[in-house]
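Below: the structure, in structure tokens.
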Amino acid sequence: MENRHEHVLLMAHPTSGIAKSIMAGMALVALAGNVGAAENSGKPVQVIEPDITPREITQARIDSEFFELGVFAGVLSIDNFSTEPVYGVSAAFHATEDFFLQFNYGMSEAGLTSFEELGGANIRLLTDSDRDYTFYNFLVGYNIFPGEVFFSDKLTFNSAFYLVAGVGNTEFGGENNFTTTIGTGFRIVPLDWVTFHVDFRNHMFQSDLIRESQLTHNIQLSTGITVFF
Amino acid sequence: MTVTKAVRTTARPKRTPRQLFGAFAMIPWLVIALGTAPVRAEEPTPVVEVLDPFIEMHTAPGRGYPVFHVIEHGEQVELLKRKTNWYKVRASAGETGWTKSTQLGRTLQPSGLPADLPEVSHGQYLESSWRVGFTAGQLEQSPSFSLTVGYRPLTWLGAELEAGKIYNQSVTSDYYGANLIIEPLHRWSVTPYLLTGYSRFAFDARQKVVLSSLDDASGVALGGGLGYYIGRNFLIRAEYRVYSVSSNSESAGLSEWKIGMNTFF
């Protein structure tokens, strides 16, 4: 059944493009009028019934474990000074199976140089507050030898031997020093979310604190516990 | 529509910025966390159907760990957790193991739609991603390092905040800056980018050197570099920048090389 507008269109036999477009324009105007009329009468005009079933997209919250937070404690051999306890915190992000980024913050306190010990109580090269040794660094790590540890007949833990390298700051003797850190470590994973580490690190910086400027090697040997979440 | 195509066109993988903030918020509660870490929100674990002829289950999340079970085409898999690019899954028979994410990319949801684990070029998945990292470099003769936090609102444009230190022989400098990174090409794993930024420098004389006063300086940086993407969320970048630094009436041109490690989520 044709309505008024269709009737207009069906009756027309346009001979040129211009006529066609005029007709189309007229039809549109008429259609708009019709829609307006329909709105006025309160009935919606259903032109085409959509044949679409909406896609249901659900975002599953899969528990992921990328971050590792932990504490460490050990010994730090401060070049030209003594070997002292060191402790600190670490945070890591495991980007892939092979690579991770790690941030460390640690502190220690230097003892006496051999010169100070031999020279007696009157000779002090640094004040007590300048003996504080604090450092932080950003390291990139590579799990070079992933593997397993066969602890006993029934206990097997995942493990990895890894390399780290990076840069950071060491505040010692009242000075800030650009520090390059390289090291190795061994990680044992007793549970999916807990790990134990043993780390060996060399913190290197140029220092002229007590003698001519030289590259000092400050060796850290520490062990730590971290949790994944 | 082929399955591969469907996989490509589905939504981006979910990201975990919330977990990052959670990470920092949790630092003081570490001791408590040690006792309670595995507690998670109770939600039904997602289940997908395997499309490949089979997928392999490893004993641990790593390529070298032995395969002890396979899940065949058409079977259901429950996704339990994710660690780097590995998923811990449970087969319908009850075995639990680890599967590489690329294998799980070819699976179907119960609704028949492809599961959303797409393998796309990095430009697409980096949109609206966060990225953190650090750089090490050399400004003229002085070593430097910085920490960067960035956000990428568009596939080709990112913004980055940077805080770093420069170690000159007589002064150390703390600097803070903001950079815009333009990275329009994503076809290759090595991607060129352009960078422009503004930085402020504060100077601190080293203890043994006496200098009258050190005013702050500001600088405009222009640079470019190459990024190399390792896997889905690890980026190594090599960068060269030219700074125009001005303090009071003086200004100087400085150049800097940088190598950066970034990760994004």
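The values are calculated or read from the model by the stated rules, or taken from the named source; none is laboratory data. The shown structure was predicted, so the numbers you read here are calculated from the model rather than taken from an experiment. Heads up, the Cβs are rebuilt from the backbone with ideal geometry, glycines too, and the neighbour counts pull from every protein chain shown. SASA here: full protein model, heavy atoms, side chains in, ligands and nucleic acids out. Shrake-Rupley method; radii C 1.70, N 1.55, O 1.52, S 1.80 Å.
A few remarks follow.
- Restricting attention to the stretch A:101-129, the residues that are under 20 Å from A:T223 (Cβ atoms) and free of Cβ contacts under 8 Å to residues at least 60 places away in the same chain total 5.
- Test: residue in the stretch B:207-214 that is part of a strand (DSSP E or B) and either of a type outside the set (D, E) or more than 12 Å from chain A (Cβ to nearest Cβ) (or both): no
- Residues that are part of a strand (DSSP E or B), surrounded by fewer than 20 Cβ atoms within 10 Å (Cβ to Cβ) and within 12 Å of another protein chain (Cβ to nearest Cβ) within the stretch A:208-226 comprise just one, A:I225.
- Residue, most open to solvent (accessible area, probe 1.4 Å), within the stretch A:143-198, restricted to residues that are in contact with a helix residue (DSSP H, G or I) (Cβ under 9 Å, 6 or more places away or on another chain) and not in a strand (DSSP E or B): A:G174
- Filtered by the rule that a residue be open to solvent by less than 20 Å² (accessible area, probe 1.4 Å) and closer than 12 Å to B:P46 by Cβ, the stretch B:87-109 gives B:Y87, B:V89, B:L104, B:T107.
- Only residues that are open to solvent by 40 Å² or more (accessible area, probe 1.4 Å), in contact with a Leu (Cβ under 8 Å, 6 or more places away or on another chain) and assigned to a strand (DSSP E or B) were counted across the stretch A:104-124, and they come to 0.
- Every test in (1) of a type in the set (D, E, K, R); (2) touching a strand residue (DSSP E or B) at 6+ places or on another chain (Cβ under 8 Å); (3) crowded, with 17+ Cβ neighbours inside 10 Å is passed by B:D216 save one, and that test is (3).
- Picking from residues in the stretch B:143-166 that are of a type in the set (S, T, Y) and open to solvent by less than 10 Å² (accessible area, probe 1.4 Å), the one that is nearest to the chain's Cα centre (by Cα) is B:T148.
- Matching option when the condition is modelled with pLDDT of 70 or more, crowded, with 19+ Cβ neighbours inside 10 Å and closer than 18 Å to A:G166 by Cβ, among B:G137, B:G177: B:G137
- Among the conditions (1) over 27 Å from A:F103 (Cβ atoms); (2) in contact with a Pro (Cβ under 9 Å, 6 or more places away or on another chain), B:I182 misses just one, which is (2).
- Residues being away from chain B (no Cβ under 12 Å) and open to solvent by 50 Å² or more (accessible area, probe 1.4 Å) - total across the stretch A:85-103: 2
- Yes/no for B:R200 being in a strand (DSSP E or B) and either buried (at least 19 other Cβ atoms within 10 Å of the Cβ) or modelled with pLDDT of 90 or more (or both): yes
- Selection status of A:T127, assigned by TED's automatic domain parsing to the domain that holds A:G185, out of contact with any helix residue (DSSP H, G or I) (no Cβ under 6 Å at 6 or more places or on another chain), assigned to a loop (DSSP other than H, G, I, E, B) and not basic (K, R): yes
- Qualifying residue in the stretch B:246-256 (condition: over 26 Å from A:H94 (Cβ atoms), within 12 Å of chain A (Cβ to nearest Cβ), open to solvent by less than 20 Å² (accessible area, probe 1.4 Å) and out of contact with any Pro (no Cβ under 9 Å at 6 or more places or on another chain)): no
- Conditions (1) within 19 Å of B:S144 (Cα to Cα); (2) within 13 Å of another protein chain (Cβ to nearest Cβ); number of the one not met by B:S218: (2)
- Residue selected from the stretch B:215-262 under the condition assigned to a strand (DSSP E or B) and in contact with a His (Cβ under 9 Å, 6 or more places away or on another chain), by the criterion farthest from B:N85 (Cα to Cα): B:G227
- Whichever residue in the stretch B:64-85 is facing chain A (nearest Cβ under 7 Å) and part of a loop (DSSP other than H, G, I, E, B) and, among such residues, is surrounded by the fewest Cβ atoms within 10 Å (Cβ to Cβ): B:G64
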